[in-house]
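Here the structure is laid out as structure tokens; the discussion comes afterwards.
The values are calculated or read from the model by the stated rules, or taken from the named source; none is laboratory data. Here the structure is a predicted model, which means the values were calculated and not measured. Don't worry about glycine lacking a Cβ; one is built from the backbone with ideal geometry, like all the others, and counts go over all protein chains shown. Ligands, DNA and RNA are excluded from the accessible area calculation, which covers all protein heavy atoms including side chains. Shrake-Rupley method; radii C 1.70, N 1.55, O 1.52, S 1.80 Å.
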Amino acid sequence: MSDQVGKGSPKSSSLSPYEEAMEALSSLITRRTRADASNVGDQFDLLFDYLKMLDLEDPIANMKVIHVAGTKGKGSTCTFTESILRNCGFRTGLFTSPHLIDIRERFRLDGKEICEEKFLAYFWWCYDRLKEKTDENIPMPTYFRFLALLGFKIFAAEQVDVAILEVGLGGKYDATNVVRAPVVCGITSLGYDHMEILGNTLGEIAGEKAGIFKNGIPAFTVPQPDEAMHVLEEKASQLNVSLQVVTPLDAQLLNGLRLGLEGEHQYVNAALAISLCFTWLKRTGHVGDIYLEQTDKLPEQFIKGLTSASLQGRAQIVPDQHLKGERSNRLVFFLDGAHSPESMEVCARWFSLAIKEYNPDQTLFHQQLDNSKFSHEVVKTHNGERVSQGKSTPILLFNCLTVRDPQLLLPHLMKTCADNGVYFKKALFVPSLSVFNKVGPQAFTLSDPKVDLSWQFNLQRVWENLMQSSKGKNTDIVSEELKDDMETSASNCEHSAVFPSLPLAIKWLRDRVQQNQSLRLQVLVTGSLHLVGDVLNLVKK
């Protein structure tokens with residue numbers, strides 16, 4: 001590793017080496033929003049200059065890459081793919097975004113985030129070299145581009161057998177798209193997201209995602225709306241790409257086991273991952289014992305990979321680990337980073353089922369909590385009934401980016417929950433905890449008196465209007481226990497409250513549980529993966 005190590009730039013002895021790297025990384029975050037018109041393309045060709053500076057051209061050309069774009073399910077598909085190939089005995093590199101707690105989550109080697117020592121060595125090697133070689137004509141790369149370059153450096157130096165790359169945004173101009181000859185490409189479910197950059201129609205969005213297709217390289221996708229499928233097929237035929245559509249995985253192929261990631265939609269992502277892995281094995285000459293034509297049986301390594309895959313922040317259940325003893329079971333967070341109308345419905349269905357199945361008194365279940373899986377045994381034993389030590393109260397903790405439309409997201413969430421008999425007693429709206437232009441531990445602030453809450457008030461108005469229009473259908477009134485003591489909130493309405501910071505909202509939830517022995521709060525955290533990451537940071541020990 002010695003030749004990889006960069007010297008870093010000792011700035012302040014009060015910062016740890018890791019904090020120092022996060023400071024340097026933060027300096028690459030531009031203050032432009034992603035919707036800034038100058039983002040489109042954003043001098044994509046500069047990326048090839050950076051590759052030259054970092055001597056990465058040959059290593060990338062030799063990398064055996066699986067490239068995945070899409071609107072929904074990219075992270076899940078990449079996670080399944082990595083897990084399958086790791087269980088087949090290959091050394092895997094996985095590059096994903098965003099991270100939830102630590103930037104190192106974006107760079108996984110053999111399924112584990114890169115250790116701090118290696119991360120710092122590769123980080124400074126790239127950062128120092130780019131600092132030295134860039135100038136006014138070729139400025140330092142922006143934040144995401146730097147991370148993608150760092151990912152390539154890590155995977156090249158660590159000599160992975162396969163690099164699985166999740167596109168950050170779009171496809172055509174994404175930093176990961178410097179790969180000119182991947183082994184195979186995948187496009188997950190397409191829907192409306194990032195329209196401020198990618199276009200207003202499904203066709204335009206599909207065109208951006210299809211930008212990862214390369215001449216003659218096989219590609220797979222899942223069933224798509226006609227408008228999107230038509231564009232994918234057109235782009236594929238222009239580039240002589242054989243594009244195949246996979247159908248959802250038949251659950252019986254798992255021999256009675258369950259997928260490692262929860263939710264019906266994961267059977268589509270799993271099927272895409274299987275096709276990507278089979279094709280990768282075939283095209284890299286690793287057919288051997290593993291490759292079996294997809295008939296009525298999946299190889300054992302594939303089943304193990306699919307059933308052991310795990311992903312933070314997707315359908316994850318975490319009791320508050322800061323409350324003592326059994327109290328932690330009285331404040332439980334159900335986390336899902338859904339942020340599109342379709343994924344909101346999936347999230348709402350999962351939450352509605354999860355709070356009925358969740359039984360903290362069952363030790364078997366307790367061991368599995370953090371693995372975001374439900375146990376069949378628990379459900380069978382209790383027939384889905386909870387042995388309650390007090391009434392359960394569903395709470396919503398929500399934030400979303402200002403480029404999303406809460407008029408689309410919140411009604412989907414509320415209606416799907418209501419259809420399943422779940423009614424939120426209170427919705428809490430909070431600003432993002434991570435400071436926009438900072439990464440790492442110093443990015444967290446307890447409460448900023450100057451924080452702008454206008455977006456959160458907007459979310460609250462949308463929610464209150466929805467509650468008013470659904471009155472009569474919702475048989476539950478707001479619990480008395482939740483009405484009092486709202487002085488820490490910036491705005492308290494009948495069905496919702498805005499808090500000036502996330503720590504204050506969580507403190508309020510903890511206080512409710514500590515002051516009332518019979519209260520059990522089941523908090524759905526959704527709308528933003530950033531929010532999910534911030535909550536995990538605060539409630540996990």
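Per residue, the accessible area of the range 499-541 comes to 28 Å² when a 1.4 Å probe rolls over the protein heavy atoms.
Full extension from Gln514 to Glu19: what is 0.36 nm times the residue separation minus their Cα-Cα distance, to one decimal in nm?
Additional length available on full extension: 174.7 nm.
If the chain linking Ser308 and Gln407 were pulled fully straight, counting 0.36 nm for each residue of separation and taking away their Cα-Cα distance, it would gain 32.0 nm. Backbone amide hydrogens, once placed in the peptide plane, bring Gly263 within less than 5 Å of nothing, excluding anything fewer than 5 places away on its chain. In a fully extended conformation the segment linking Lys324 and Gln43 would gain 95.9 nm over its present Cα-Cα distance, using 0.36 nm per residue. Ordered from largest to smallest accessible area (heavy atoms of protein chains, 1.4 Å probe), the residues Thr30, Thr77 come out as Thr30, Thr77. Backbone phi angles across the range 307-312, fed through the Karplus curve with coefficients 6.51, -1.76 and 1.60 (θ = phi - 60°), yield HN-Hα couplings of 8, 9, 5, 9, 9, 5 Hz in residue order; Gly and Pro are listed as x. Assuming R0 = 45 Å, what is the FRET efficiency of Glu136 and Ala181, from their Cβ-Cβ distance, to the nearest 0.05? Computed FRET efficiency for Glu136 and Ala181: 0.85. Backbone amide hydrogens, once placed in the peptide plane, bring Ser189 within less than 5 Å of Thr71, Lys72, excluding anything fewer than 5 places away on its chain. Taking a ≥ b ≥ c as the square roots of the eigenvalues of the Cα gyration tensor, an a/c ratio of 1.5 or more together with a/b no larger than b/c marks the range 39-308 as oblate. Taken along the Cα-to-beta-carbon direction at a fixed 7 Å, the label points for Asn240 and Glu204 span 3.2 nm.
Per the 1.4 Å probe, what fraction of the accessible area of the range 39-308, in percent, lies on carbon and sulfur atoms? Exposed carbon and sulfur together represent 46 percent of the surface. I'd like the distance separating the alpha-carbon centroids of the range 216-246 and the range 393-412, in whole Å. Centre-to-centre distance over Cα atoms comes out at 32 Å.
Solvent exposure of Phe457, expressed as accessible area, is near 70 Å², computed with a probe of 1.4 Å over the protein chains only.
The listed residues Lys450, Lys214 rank as Lys450, Lys214 when sorted by accessible area, largest first, using a 1.4 Å probe. When Met140, Met22 are compared by accessible area at a 1.4 angstrom probe, the order from most to least is Met140, Met22. Protein heavy-atom accessible surface, 1.4 Å probe, per residue over the range 39-308: 39 Å².
Can you flag which of Lys74/Lys209; Lys425/Lys507; Lys415/Lys507; Lys112/Lys133 are past 21 Å Cα-Cα? Correct reply: Lys415/Lys507; Lys112/Lys133.
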